[in-house]
Every structure is written in structure tokens, then in C-alpha cells.
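The values are calculated or read from the model by the stated rules, or taken from the named source; none is laboratory data. Predicted model, so just to flag it, every value in this text is computed and none were measured. Every residue, glycine among them, receives a Cβ derived from its backbone with ideal geometry; neighbour counts consider all protein chains shown. Accessible surface is based on the protein model in full, side chains and every heavy atom, while ligands, DNA and RNA are left aside. Shrake-Rupley method; radii C 1.70, N 1.55, O 1.52, S 1.80 Å.
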Amino acid sequence: MNKQTQFSRRHLLKLLGLGVGFSALKHTTAFAAERPHVVVVGGGFSGATLSKYLKKWGGSSVDVTLVEINSTYVSPILSNLVLNGQKSVSDLSFSYQTLGQKYNINIVHDRVTAVDKTTQTVSLAGGQSLVYDRLVLAPGIDFIEIAGLDYDKVPHAWKAGAQTDLLKSQIEAIGDGGHFVMTIPKAPYRCPPGPYERACVVADYLLNAKGLNVQVTVLDQNSAITVEADTFGQKFSEYGISYIPNAEVVAVDSDQKIVSYQIDGATTQNLQADVLNVIPNQRAGELVFLAGVNQGNWAPVNPLSYESTVASNIHIIGDAQGTAMPKAGHIGNSEAKVCADAILRSLNGIAPDPAPKTNSACYSPVSRTEASWLTAVYEYRSDKGQMLLVSGANYPKSSAPSTRNYQDMFNWSGNLFSDTFA
Amino acid sequence: MKTRIHSLKGSVLVPVMAALLSACGGGGDSTTSSTSTTSYTLSGTVPGTVIELFCTGGLYYRTNSTDNGTSEHPFSIQVPSGLDCHVVMTTNEDDTATRVISPIRFIEGTTSGDVLNLKGDLALGFVALEMDPSKIIDSNGDGVIDEPFEVTLPDDAEAVADPSYDALDSDGDGIPNVYEDDDNDGYFNSEDDDDDNDGYPDDQDEDHANDQDEDGVEDDYDRDVDNDGYEDDTTTTPDTTTPVTEYTVQKGRLLASQCAQCHGTDGYSTTSWDSIREESGDSSEIIEEMNEYSTAHIMGAQAIGYTDEERQALAEWLSGN
Ligand SMILES: Cc1cc2nc3c(=O)[nH]c(=O)nc-3n(C[C@H](O)[C@H](O)[C@H](O)COP(=O)(O)OP(=O)(O)OC[C@H]3O[C@@H](n4cnc5c(N)ncnc54)[C@H](O)[C@@H]3O)c2cc1C
């Protein structure tokens, strides 16, 4: 119907990469005030929760567009249970249908390739552009490269999905006398207990479920087990896991499954495996660097609103943000609510809540029947401008892994998943 | 919380869990309250006309005006609240040679907009649509007027909206996507077998594969994929129990939302862990429970992170005070 052009604006946008706020084609009459547009990039635990709560609390006063590459999200939470056959990747898969249909969020499956802070526009790989009033980046993590490492041969399985299935199939192929070697990244990394949990789950599966005589070796780039040291230490000795701290991974031979490492910078040593699982050191998702909102490896934010401290109207939540809070899905969901509330307040000219709280919980399976947990609450300390552990709470953890905790793990994750995606 | 939970489960949670199970790992519905969706009535009089509404989420509604023997035929149509809707009116709808398709633009005081978001019933009065195709401006001859037909609303209707991202009218010209003629061949998209004239019929063209009704909302997110006027899957209940139209600061809500990771959205659990929504309105029980657990239990370990005032505020929100 366009008189001026053969193309509808839908096509124009594709062809010219023009924004949706493109007003030249709008009409002579003064249009009703356009609703504020929040563009959210990344539909993981943090970005999905944020989108949902913006609409839940802001309703029809705000338009929310969620840009996510994949139409199915696979939760890394519980994904170690795929390795021992207790769960499948499809059990951990979520669609964005409920978010789209129930909360009226515009869902766009595409990859953001550029952020223009001056025109407040993001560009998508498909050629479309979106103009934002507020932009929220929730891209999770990316890996810092290691020479010779090919993820198609040596999976990290630290983003769930195909990588998880690949590692699972390699583990299934291990026979008697085999050697499973994994490496643990230097903190900060996604899910502090996760790698230790993986070592336990895999050892239990190979030794006890399959009855194999297999060696499990853990190379830790940290100087000691970073969390729940008693629980994991005890399980490591029970499973006969050989634990090597301070081991910096310097190179990988992905075909030969050899990992080269140095202890405290000393001479390089090689270790050959039948199955090698290298979890590399981490930094914020590439998008944070594309947008130019990083400082070092992560994105610095004001934890009252998660607004970037280096760019206005851009917020960063989840694993990619640079506060001292752990990089985990439960607390990513928690940060998202604080951020949603702060964005809605700011769109209404109200200052953010001055005393937000966030919390974290990780359930770690250590066998096919037992799990441990770790939890914490963070408070805003105005003297430091940071979220810190609630003072004096002296954070407890489960006294020992138990079957009760193993069942609770599913009660917990079920509600976390539905609070995020349903 | 145990006693309270049992009563809750009996009445509210069981159907929810059933819905979750049937949703099979993917979606599922965490809102337990039965959704009594509010609807408003859009009414008016027109020459003999089909009235179509293209709404948020790909919802589609349609009605015919009633021939009452006069030149002003009444119509009325129910619209769920909280939705943005484009309105299109077609006269002589049964004859493709003479029909006139008029997307509507609404004028309200000094502003105008192409979508309605009803906050109450709305009576349009008589809409003097054109019936003669020779009198309209229709440069490509597809029967759709080039510029939306303007209808003036009462100044206080507060019904005009302007979404910043409108999937149903991608170019923002007021002509919904289904009535755009992308390739300018005289057939609008929903009746054009090859919208972009690339030689690939739409049903084989990857540009269109995911949008059967060509309304701009992809099938995965379209609540009425084939625009038959019936919502496809009503297990995904729209969150319209109390449609929110503006943000308000609510004491305790942000804190209470931090319980949802373990206890479910708004305190309605979808697992066998306790719901903490206090339907009775009595906040004291939630506070009691928070004080009760030892820190050897994960609940106690969480609870020590909150001050008395915070416990009070979140409990009051969860009990609806
Ligand atoms: C084995 C394991 C166990 C874990 N266990 C727990 C646990 O018990 N408790 C816990 O709290 N956490 C746990 N975690 C951690 C948790 O999974 C992550 O912290 C969480 O997923 C981070 O959420 P996020 O939203 O920041 O990022 P992600 O979940 O990684 O989501 C980021 C999304 O952004 C998308 N994206 C990225 N770039 C772009 C772009 N340019 N354009 C469009 N989309 C883009 C990606 O496709 C992705 O879907 C575990 C992790 C692992 C690996």
C-alpha cells in the first residue's frame, strides 16, 4: 500500500537497516505518545526473567522486545545430570512461547551484531534494527581462547545443549582403565560449585553405575576448591579423584586429547586423557564488548539498577555483569527483578529502590542420589556502592550431601524454571 | 507453612501442576488464579460492513454489522482488555470487485493513533465508510485505501495507543501487514500467493514459512495462527486477570519477588515446595515461618538475610495487604 515505495517498511527495514522508531513515514497528525521500548538481548535466566517482570509490573505502559538467537533455551542448571543419565537435554529445554503469548513480549530470534549508543539502536544479523529507550544486555559468558582447543572435539559443556550431549556420548565410550580429565577455570566463572559437582557426578557414574575402573583427574586453575571445600574434598577422596590445584592450562591437543599445563609457572607438563573436558577461563558474552560497555572482562554496573557505569540507558544483568555476586542462574533471575523494577521506576521518573536484596542458591548433585546446597543473600552497602553478603549472616551451607537434598533440588529448580520461563 | 499449604494445594495448585505436566518441560503456566479475562465492547453503526480486529499476540476478532433496514447497521464486538488492536472495516465484503477495505485511524483530541487499547466500553457512533471503490484513493487497485480512514473518538476515550514495536504493522503506516501489498501487484499479502513476487509461492517461501496468516506475528508466538477468530491454545492463559496499565511502586513487592525463585511467581509454587501466597490475608504466618527454620535448613539460611522490617513488608505483600 505504500505509495512512495514498492516496499513495505518491513522490507525497508531489512534492506536499509532502518529503525522501528523511524518516524518519517509517520503521519502529519500528532501521534499518541509512543510507549517506551525496552529491548532485552539474551533470553537466559536473567534476560527471560527481566522481560517477564517488566510486563508483569509495567503492563501495557511499556513495550518489551526480547532478542534471542535460539528458539529453544537449554538450561545449564541440572545439565550435569545429563552426563549420568538422570536427565536429558530435552528435559532441560524451554521455549519462549509462554513469555511471548502470556506476557505480550515481542520475541525476535536473531543475533544482535551492533549497538549504536548515540542513536540508541541495535542491529540484528537478519538486517533489522531496533530503537530502544532502555537496552538490557544479558548475553551470559564467552570463553577465553586456549591454543589448540577445538570444542567439537574437546567439549566445554558449560553452555548446555549440543555440547552437553557431545560430552555425554564421549563419557559413554570410556572403557575399563580409561582416564577422564577435566579442567576448572580461574574464578570468576559461571557457577562456582559446578565443575566440582561435575567431577563427582561423572566419577560416581563411571565407577559405581557402570562399575568401571576409571581414573578421574581434576586440574584446577585455582589454588584450592573454591566453594564447599569440605563436601567436595570428601567426595573427591571417596571417588579417588586426583586433584591438582594451581594448574594453569596453556595448550590443548584436541585430536590426541592432551592438555598442557603449568603449576605456578613452572615447566609445562602434559596429561593425556581418553575424555578431556576443558572448561576455559571466562569473560562476559561478546555482546558486552561489541557494545563497548566492558571494563576488563566484565561489564561494570550500578547494582541499584544494573545500569552500566560507562554508558547510559544500557543495563547489564546475569553472568556478564561485573559485581562480586556469583555468576549463577538463580541470582541472575534475582538481579533481573531488581533491574526490571529500576527500569520501570526510571521510565516513570522515580529513583531506584535504595535497598535491594538479591539471593543465590546452588544445588549440587554429587552422585545419582545425593546433593548438597549453598545459598546466600546480598545487600546493598551504600558506603561501598556494592552488593555484599549480608553482614553477620555468616553464610551456611548444607552440612553433608543427602538424598533429601537431591529431591529438594527438583522442587527448587522447578520453581526457578517456571518463575523464569512461564 | 505446612497446614496452609495443604489447603492451597487442594484448591489451587493441583490444576496448575496438571497444566505444567501437560506442557512437558517447556512452557507451563505458573499463574494459578483462574483468569477471568476482562473484555470491553467496541460498538457503532456502519454501512453493511465486516469489522476485523488484529490484536497483540496475533489474536483476531471479526464480526458483521446487522442489517436493521436502515443505512446505519449496528455492530458490537468484545475485545479483551490490555490488547492493542488494529481495526479494519470492509464494505461490499462479498464482492472482490467492489469491496472497500478501510484500516481505521483514531483521532482523540489532538492526538491520533492506529491502534486501540480499550480501558472501557467504546461507542464509535456512525462510521461513514466509503462504499464506492471509484471514490477511494487506491493506487495499486487492491481494494485497500492508501491512507487509513480517520474516525474521531470522544476526547476522554483514552483508547488510542502507539506501540513502539508493532509486529502487526511492521512499517507503522497504519495498514496492518495482512492488508499491505508488498510487491505492489494489486493483491494484498493475505490474498497474494507470492507476496514478494520472487517466484516462490508463499507456502514454500522461507520468508513466510513461519507465519501462516501473514499478520507479522510468527506462528510460535501467534495465539491464533490461522486467524479463525479462536485462540489456538488456551492452556497458556494470558496474564490479564488484572491488566496492568501503569507501573506503581508497591511496598514489599520487589522483596517478595525474591522468594519466587524457590516458591514460584507471586508465591504460587508449581512443585511440592510450599506456596507462600497467603490467601487468607493474614501475614503473620509467613513471618512466623521465616523465623522458625534453623540455618541448617535452606529456608533458615535464606531467612537470616532479611531484617524484621523486610520480613514484614514481603509478608504483607504476599498476603495482599
Ligand atoms: C553444569 C552447570 C550447573 C549449574 N548449576 C547452577 C545452579 O545450581 N544454580 C545456579 O543458580 N546456577 C547454576 N549454573 C549457572 C547458570 O546456568 C548460569 O549462571 C546462567 O545460565 C546465566 O544466565 P544468563 O542469563 O546470564 O546467561 P545465559 O543463560 O547463558 O543466557 C544468555 C543468552 O543470551 C543469548 N545471546 C548471547 N549473545 C547474544 C546476541 N548477540 N544476540 C542475541 N542473543 C544472544 C544466548 O543465546 C543465551 O540464550 C550452572 C551452570 C552449569 C554449566
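Remarks
- Residue among B:Gln78, B:Gln212, B:Gln250 with the largest mean-square fluctuation in a Gaussian network model of chain B, springs linking Cα atoms under 10 Å: B:Gln250
- Rounded to the nearest 20, the size of the Cβ-charge dipole of the protein assembly as shown about its Cα centre is 4560 debye, with Lys and Arg at +1 and Asp and Glu at -1.
- Highest GNM mean-square fluctuation among B:Met131, B:Met290, B:Met89, for chain B modelled with Cα contacts below 10 Å: B:Met290.
- Residues in the stretch B:146-205 average 41 Å² of solvent-accessible surface per residue, probe 1.4 Å, ligands and nucleic acids excluded.
- Kyte-Doolittle at least 0.0, axis length at least 24 Å by Cα - qualifying DSSP helices, chain A: A:329-347
- Buried accessible surface for the A/B pair, both sides summed and rounded to the nearest 100, is 7300 Å² with a 1.4 Å probe.
- Fraction of accessible area attributable to carbon and sulfur, the protein assembly as shown (%, probe 1.4 Å): 48 percent
- For a straight C-alpha distance cut-off of 12 angstrom, the aspartates and glutamates reachable from A:Lys210 (same-chain residues fewer than eight places away being disregarded) are A:Glu172, A:Asp176.
- Peptide B:173-183 is shielded by partner chain Cβ atoms: per residue, an average of 4 of them sit within 10 Å of its Cβ.
- The largest-to-smallest principal axis extents of the Cα set in the stretch A:283-422 are 48, 34, 31 Å.
- Inter-part distance, the stretch A:143-167 to the stretch A:105-132, computed on C-alpha centroids, equals 28 Å.
- Proximal charge balance of B:Glu52 [Cβ under 13 Å; K/R count +1, D/E count -1]: -3
- Simple Cβ-charge dipole of the stretch A:295-422, Lys/Arg +1 and Asp/Glu -1, about Cα centre, in debye nearest 20: 200 debye
- Listed pairs A:Lys52/A:Lys384; A:Lys168/A:Lys235; A:Lys117/B:Lys251; A:Lys52/B:Lys119 exceeding 27 Å between Cα atoms: A:Lys52/A:Lys384; A:Lys117/B:Lys251
- Note that chain B shows a convex hull volume over its alpha carbon atoms of 173 Å³ per residue.
- Value of [θ]222 nm, deg cm²/dmol, for chain B, DSSP H segments ≥ 4, -39500 (n - 2.57) each, nearest 500: -4000 deg cm²/dmol
- Among B:Asn140, B:Asn197, B:Asn68, residue whose mean-square fluctuation peaks in a GNM of chain B (springs only between Cα atoms under 10 Å): B:Asn68
- Across peptide B:156-166, the mean count of Cβ atoms from other chains lying within 10 Å of each residue's own Cβ comes to 6.
- What you get for the stretch A:112-184, charging only the Cβ of Lys and Arg (+1) and of Asp and Glu (-1), is a dipole of about 260 debye around the Cα centre.
- Given charges at Cβ of Lys, Arg, Asp, Glu: the protein assembly as shown dipole, positive-most of A:Gly285, B:Pro103, A:Ser93: A:Gly285
- The Cα-based radius of gyration of the stretch A:213-262, divided by its Kirkwood radius, gives an Rg/Rh of 1.03.
- Per-residue ³J(HN,Hα) for the stretch B:97-103, Karplus 6.51 cos²θ - 1.76 cosθ + 1.60, θ = phi - 60°, Hz, x for Gly and Pro: 6, 10, 5, 10, 9, 10, x
- Contact order normalised by residue count of chain A, Cα under 8 Å, 6+ apart, percent: 17 percent
- Secondary-structure-derived ellipticity at 222 nm for chain A, considering helices only, amounts to -8000 deg cm²/dmol, per-run term -39500 (n - 2.57) for DSSP H runs with n ≥ 4.
- Dipole of the stretch A:84-196, positive direction: furthest Cα of A:Ala138, A:Leu149, A:Asn104, with charges on the beta-carbon: A:Asn104
- Threshold 40 Å² - residues in the stretch B:269-309 whose accessible area is reduced by that much or more when the chain is no longer isolated, probe 1.4 Å: B:Thr271, B:Trp273, B:Ile298, B:Ala301, B:Gln302, B:Ile304, B:Gly305
- When chain A is reduced to its Cα atoms, the Kirkwood hydrodynamic radius in Å: 22.8 Å
- Dipole-positive endmost among A:Gln386, A:Ser346, A:Thr369 within the stretch A:324-422 (Cβ charges, Cα centre): A:Thr369
- The residues of the stretch A:49-179 present an accessible area of 33 Å² per residue when probed at 1.4 Å with all protein chains retained.
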